[in-house]
1. Would you please report the Å³ per residue occupied by the convex hull of the alpha carbon atoms in the stretch 320-461?
2. Scan around Tyr178 for amide H atoms under 5 Å from its own, H built in the peptide plane at 1.01 Å from N, and keep only partners 5 or more places away or cross-chain.
3. For Arg386, what charge total do you get from the other residues with a beta carbon under 11 Å from its beta carbon, if Lys and Arg give +1 and Asp and Glu give -1?
4. At q = 0.15, 0.16, 0.18 Å⁻¹, what log₁₀ I(q)/I(0) does a Debye calculation on the Cα points of the stretch 411-461 give, no solvent, two decimals?
5. May I ask you to evaluate 6.51 cos²θ - 1.76 cosθ + 1.60, the Karplus curve with θ = phi - 60°, for each residue of the stretch 288-302 and list the ³J(HN,Hα) values in order in whole Hz, giving x for glycine and proline?
6. How would Val6, Val186 line up by accessible area, probe 1.4 Å, largest first?
7. Using +1 at the C-beta of Lys and Arg and -1 at the C-beta of Asp and Glu, which of Val378, Leu118, Phe346 has the Cα lying farthest in the positive direction of the dipole of the chain?
8. For the Cα atoms of the chain, what angle does the longest principal axis make with the long axis of helix 84-100, in degrees from 0 to 90, nearest 10?
Amino acid sequence: MADNMVRSFGFRDKLGYLMGDFGNDFTFILSSSFLLKFYTDIMGVNAAIVGMIMMIARFVDAFTDVTMGRICDRSKPGKNGKYKPWILRMCGPVAIVSFLMYQSSLASMPMTFKVIYLFITYILWGSVFYTSVNIPYGSMASAISPEPDDRQSLSTFRSMGGLCAGILIMVLVPLVVYRTLEDGTVVMDGGRFTMIAGVFSLLAVGAYLLCYTLTTERVVPKVDKKAFDDNSVGKMLKNALSNRSLLSIIAASIVMLLSQLTMQAMAGYIYPNYYGNATAQSVSTLAMGVGMIIAAAIAKPISKRIGKAELSTVSNLFAGVMGVITFIIRPQNVWVFVAMQCLCWFGIGVFTMISWALITDVIDDAELKNGIREDGSVYALYSFARKVGQALSAGLSGFLLSAIGYSQETANLPSVKDGIFNISTIIPALGFILLAAILWFWYPLHKQKVEENVRTLKEMR
C-alpha cells in the first residue's frame, strides 16, 4: 500500500530513475558494443571464442538473476525502501570489474590466460555484480508509483538515461580509441580503450549514487513469508511457463536484444572496416540520438491513445522494413547509410521508450493470475531474457564474423567487407520483423486488457 507521508511522485523521481540506467549502460553498452571488438583486435582472441564465453555466462545468469529476484521479493523494506539499498551496495563492484575486463596491458599474455581472464571477469561483471544492481533497479519502478501513467514516464526516462549513456559512449569511444595508420587503415588503440573504460566506470558510480539519492519508493508490498515459502522457485517457474504475457515478453526481449545489439556491435566493424570512416560512427550516433529524442516525445501520447503493444508492433515493423531496404540498396556512400540507419533507429527508439512499461503490465497480470506480487522474480526472468538476447547477439556476431573469415589481418578483403555489411543489415532487420509479429500475435496485453487489469487491481487494493 502507498505511504501517504512521503512526497508526491514527480520530476525528481523521473530524473533519479533516468540516472539508474545512465549508470547501467556505462558498463552494459560498452560491453555489448565494444567487448567483442576489443578482444578480437587488441587481445587477439578468436571472435567465436569471445561469443561462446558470452553465451556460457548467460547460463550462469539463469541462476543468479532468479536468485537475486527472490532475494528482493523476500526482503523487508527498510527506511530507504526495499530495492534502493542494493544500488548503493553494489555500484562500486560492478564498475570496478567492468574496468578490469579491458586491460590492454595483458595483450601479450598467453592465449589460455587471456581466455580464462575474460571468462572470470565477464562472469563477475555480468552474472554477479551487474545482476545485483540491475534486478533491484528494474523492480523498483513498480515501487516508485502504482499509477500506469507514472510508470510509463519512468519507462521513458529510463530509456532516455540509456540513450544518454549510449550517445556518450558511441560518440566518444570511436573518436578516442581509433587511430589511422600511414596506409589509411583504421585500427583500435588498446591503451586508449583501457583509459576510457576507467572513465566510464567512475561515471557509472556517480550516476548510481544520484539514482539512490533522488528516487523514493512509495508502494510498500506486504511481505508474506509463508506465501513466498509456499511459492517455491519450482512453482514460480511453473507459473511463468503458463503465463502467456510473461512468456511472450521474454521472447520479445530476446529477439529485441539479439537484433538491436547485433546492429550496435557491428557498427564497430561496418564504419571503420567497410566504409573506412570511424568518424561516421560518432556522427550516426548523434543523429540517432536526435531520432530517439523525437521518439521519446511521441511515444507516451501515442501509446496512451492506441496502446503500448500496438505502437510497439508498428515501430518495430518500420525498423525491420528500413533494414531490408538498406540491405537491398547497399549504399556505397557512408552518409546515405547513416541516414537509413537513423530511420531504423527511430523505429527502435519508439519501442525502447515503451518497453519498460510493458514489463510492469506483465507484473500486474502475473499478480492477478497467481495471487501473489513478485516484482523481483518476474523482473529477474525478464532481465535474464535480456541477457540471453545480449549473449546470442555477441555469439551470433562472433560466429558470423568467424564464418566470413574476419580477423585484423583480413578486415580489408572485399569478401570480408561484404560479409560485414550483410551481417550489419539483414540479420537485425529480420529480427525486428519477427519482434513485431510476436507483439501483435502472441503478446496478449493490448490496450483493453491492460486497462481492465489496472481497474481490477485498484478495486482489490
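The values are calculated or read from the model by the stated rules, or taken from the named source; none is laboratory data. Everything numeric here is computed off the predicted structure, so don't read it as measured data. Positions of Cβ are backbone-derived with ideal geometry, glycine not excepted, and every protein chain shown enters the neighbour counts. All accessible areas refer to the heavy atoms of the entire protein, side chains included, with ligands and DNA or RNA removed. Shrake-Rupley method; radii C 1.70, N 1.55, O 1.52, S 1.80 Å.
1. Values: hull volume 18.7 nm³, N = 142.
Cα-based convex hull of the stretch 320-461, divided per residue, equals 131 Å³.
2. Answer set, sorted by chain and number: Asp189.
3. Details: positive: Arg58, Lys387; negative: Asp61, Asp65.
Taking every other residue near Arg386 into account, the sum is 0.
4. Taken in order of the listed q values, log10 I(q)/I(0) reads -0.62, -0.65, -0.71.
5. Listing the rounded values in order: 4, x, 4, x, 5, 5, 4, 4, 5, 5, 9, 4, 5, x, 6 Hz.
6. In descending accessible area the options line up as Val6, Val186.
7. It is Val378.
8. Relative to the chain, helix 84-100 is tipped by roughly 10 degrees.
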